Amino acid sequence: MEGVRPTGGPPAGGPGSGSGSGSGSFPSLFPPGLHGIYGECRRLYPDQPNPLQVTAILKYWLGGPDPLDYVSMYRNLGNPALNVPEHWHYVSFGLSDLYGDNRVHEFTGTEGPSGFGFELTFRLKRETGESAPPTWPAELMQGLARYVFQSENTFCSGDHVSWHSPLDNSESRIQHMLLTEDPQMQPVQTPFGVVTFLQIVGVCTEELHAAQQWNGQGILELLRTVPVAGGPWLITDMRRGETIFEIDPHLQERVDKGIETDGSNLSGVSAKCAWDDLSRPPEDDEDSRSICIGTQPRRLSGKDTEQIRETLRRGLEINSKPVLPPINAQRQNGLNLDRAPSRKDSLESESSAAIIPHELIRTRQLESVHLKFNQESGALIPLCLRGRLLHGRHFTYKSITGDTAITFVSTGVEGAFATEEHPYAAHGPWLQILLTEEFVERMLEDLEDLNSPEEFKLPKEYSWPEKKLKVSILPDAVFDNPLH
């Protein structure tokens with residue numbers, strides 16, 4: 001549960017506990033981490049020392065469901081000279097370490113990130129006659145924060161979030177999000193580390209797909225050029241009824257050129273997918289060294305999970321050389337201590353403990369494979385081929401209904417256990433498929449109708465007999481039944 005109140009008289013320690021703080025001095029009970037963030041808010045809004053605020057009634061560290069202690073809501077007058085409209089500016093408190101006493105975040109020193117290293121912001125266009133900010137963005141921010149706390153997947157500028165629902169539960173076309181640096185708020189140094197500010201930007205489905213096919217930063221730059229779609233400060237207008245491609249059709253050409261030049265930065269997705277080894281006799285199903293797809297798929301070992309996660313992580317690094325970690329790589333603590341902000345990727349299984357000891361699972365070369373995807377996952381195959389493999393990269397599907405993983409690799413990816421001589425290889429439930437550039441071009445022609453999935457009926461099957469490869473696009477219900 002949450003409450004809305006002005007911050008003039010909060011409990012001791014709240015961001016608005018500002019009596020006596022007008023000159024920058026704060027009460028002794030004011031948490032130091034919160035002090036730093038609130039100081040940045042006061043820099044931007046010196047005339048709003050006590051903004052309206054949504055607060056978690058039962059704090060997360062006391063067992064409450066909402067990780068954010070507070071969301072402050074400011075009125076921003078915009079900038080007429082830059083064609084920036086008046087809007088509401090929301091700032092979260094809680095993804096960073098506010099307290100420094102390990103009640104929520106482990107204190108790791110002052111040099112690195114504070115908590116998860118960032119707070120969320122959101123800019124919502126103020127409607128004519130609106131005297132108070134809507135509170136639904138605070139719940140949206142709580143939802144994103146819950147995801148971060150539960151998964152330990154942090155966000156970075158350029159990331160996209162598939163929400164599949166109007167952000168304000170209306171009939172709006174704004175149903176997904178991109179993330180970028182807040183244009184006004186500067187990183188702050190607190191006693192518990194550095195905090196940056198990531199702004200949520202609401203986008204339409206078509207804009208999300210363009211970000212997936214190209215990259216989030218490219219689409220954010222296009223949104224900045226269209227005032228009604230965000231403008232220079234990327235303000236979300238829930239009443240926007242047209243995509244940037246409908247407003248300016250020439251922008252689609254820029255996306256297409258960007259994909260051709262840069263490829264896609266999307267290196268993997270969680271998906272409804274599965275694969276079958278068509279070359280293995282059924283009696284091999286009990287071989288403890290082999291994958292068992294069907295009734296009881298075997299779980300990824302901890303090492304496999306780390307390797308797949310590292311595959312995704314490396315793919316998310318801009319301008320990084322595409323490399324798959326060797327199959328016998330040793331796990332390293334943190335895996336990403338040299339990266340800031342640190343992040344885990346979404347391929348980690350909730351139950352990643354090995355059922356089979358890692359060293360007993362052998363890498364197997366397969367003669368023939370059958371790949372299965374639901375319609376949403378299948379629609380991403382052209383992106384995988386055109387935006388990733390043709391640029392010497394890799395792309396991973398991780399099953400959300402089991403522990404299966406499918407990684408497509410190009411010949412330019414180092415460290416893969418699939419080779420040109422043996423293009424299909426499995427290590428436990430992790431399948432790698434190596435595709436040559438010539439075969440990728442042919443597949444793109446054959447899979448052209450996947451670009452318009454609404455025009456074909458399921459199930460849909462594609463087959464390349466000489467390559468001993470079959471791909472099926474199946475209804476969602478097939479993946480909800482474990483006996484698929």
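The values are calculated or read from the model by the stated rules, or taken from the named source; none is laboratory data. Remember, it's a predicted structure, so these values are computed and weren't measured experimentally. Because the Cβ atoms are built from the backbone with ideal geometry, glycine has one as well, and the counts that use them run over all protein chains shown. Keep in mind that these areas ignore ligands, DNA and RNA; they rest on the heavy atoms of the full protein, side chains included. Shrake-Rupley method; radii C 1.70, N 1.55, O 1.52, S 1.80 Å.
A few points about this structure:
- Sequence-distant residues sharing a close amide H with Ala271 (under 5 Å, placed H): Lys398, Ser399, Ile400
- You can think of it this way: the chain between Glu253 and Gln189 has 18.9 nm of extra reach, that is 0.36 nm per residue less the Cα-Cα gap.
- Under 17 Å from the His391 label point (7 Å along Cα→beta-carbon), backbone N, the range 212-229: 212-222
- Accessible area of the range 32-262 belonging to carbon and sulfur atoms, whole % at 1.4 Å probe: 50 percent
- Other residues whose C-beta falls under 12 angstrom from the C-beta of Gly115 contribute a net charge of -4, scoring Lys and Arg +1 and Asp and Glu -1.
- Extension reserve of the Arg362-Glu130 stretch, reckoned as 0.36 nm per residue once the Cα distance is removed: 77.2 nm
- Ranking Trp61, Trp275 by solvent-accessible area of protein heavy atoms (1.4 Å probe, all protein chains present), from largest to smallest, gives Trp61, Trp275.
- Count Lys and Arg as plus one, Asp and Glu as minus one, and take only other residues whose Cβ is under 13 Å from that of Glu171; the net charge is then +2.
- Förster radius 60 Å - calculated FRET efficiency between Leu62 and Lys457, Cβ distance, rounded to 0.05: 0.70
- Rounded accessible area of Leu234 (nearest 10 Å², 1.4 Å probe): 0 Å²
- Across the range 164-277, C-alpha contacts under 8 Å between residues 6 or more apart give a mean separation that, scaled by the residue count, equals a relative contact order of 23 percent.
- The phi torsions of the range 403-420, fed into the Karplus equation with coefficients 6.51, -1.76 and 1.60 and a -60° offset, translate into couplings of 10, 6, 9, 10, 10, 8, 10, 9, 5, x, 8, 8, x, 6, 8, 8, 10, 5 Hz, rounded to whole numbers, with Gly and Pro shown as x.
- ³J(HN,Hα), Karplus 6.51/-1.76/1.60, whole Hz, each residue of the range 374-389, x for Gly, Pro: 7, 5, 5, 5, x, 5, 8, 4, x, 4, 4, 6, 7, x, 10, 5
- GluC sites (Glu not before Pro) restricted to the range 137-192 and DSSP loop, no more than 11 other C-beta within 10 Å: Glu171
- Over all orientations, the range 32-262 has a Cα convex hull whose mean projected area works out to 13.1 square nanometres.
- Surface calculation, 1.4 Å probe, protein heavy atoms: Glu376 sits at approximately 120 Å² accessible.
- Efficiency of FRET from Cβ geometry, Leu278 and Leu82, R₀ 56 Å, rounded to 0.05: 0.40
- In order through the range 240-254: 3J(HN,Hα) via Karplus (6.51 cos²θ - 1.76 cosθ + 1.60), integer Hz, x for Gly, Pro: 5, x, 10, 7, 5, 7, 7, 5, 9, x, 5, 5, 5, 5, 5
- Candidate residues Phe107, Phe155: accessible-area rank, largest first, probe 1.4 Å: Phe107, Phe155
- Between Val478 and Asp262, the FRET efficiency from the beta-carbon distance, with R0 = 30 Å, is close to 0.30.
- Looking at the range 116-231, the accessible area is 35 square angstrom per residue; that uses a 1.4 Å probe and ignores ligands, DNA and RNA.
- Long pairs among Lys125/Lys272; Lys398/Lys470; Lys257/Lys468, criterion Cα-Cα beyond 30 Å: Lys125/Lys272; Lys257/Lys468
- The order of Lys272, Lys398, Lys460 by accessible area, most exposed first and with a 1.4 Å probe, is Lys460, Lys272, Lys398.
- Rounded Å value of the spacing that divides the Cα centres of the range 64-137 and the range 188-234: 15 Å
- Relative contact order for the range 32-262, counting Cα pairs under 8 Å that sit 6 or more residues apart, in percent: 18 percent
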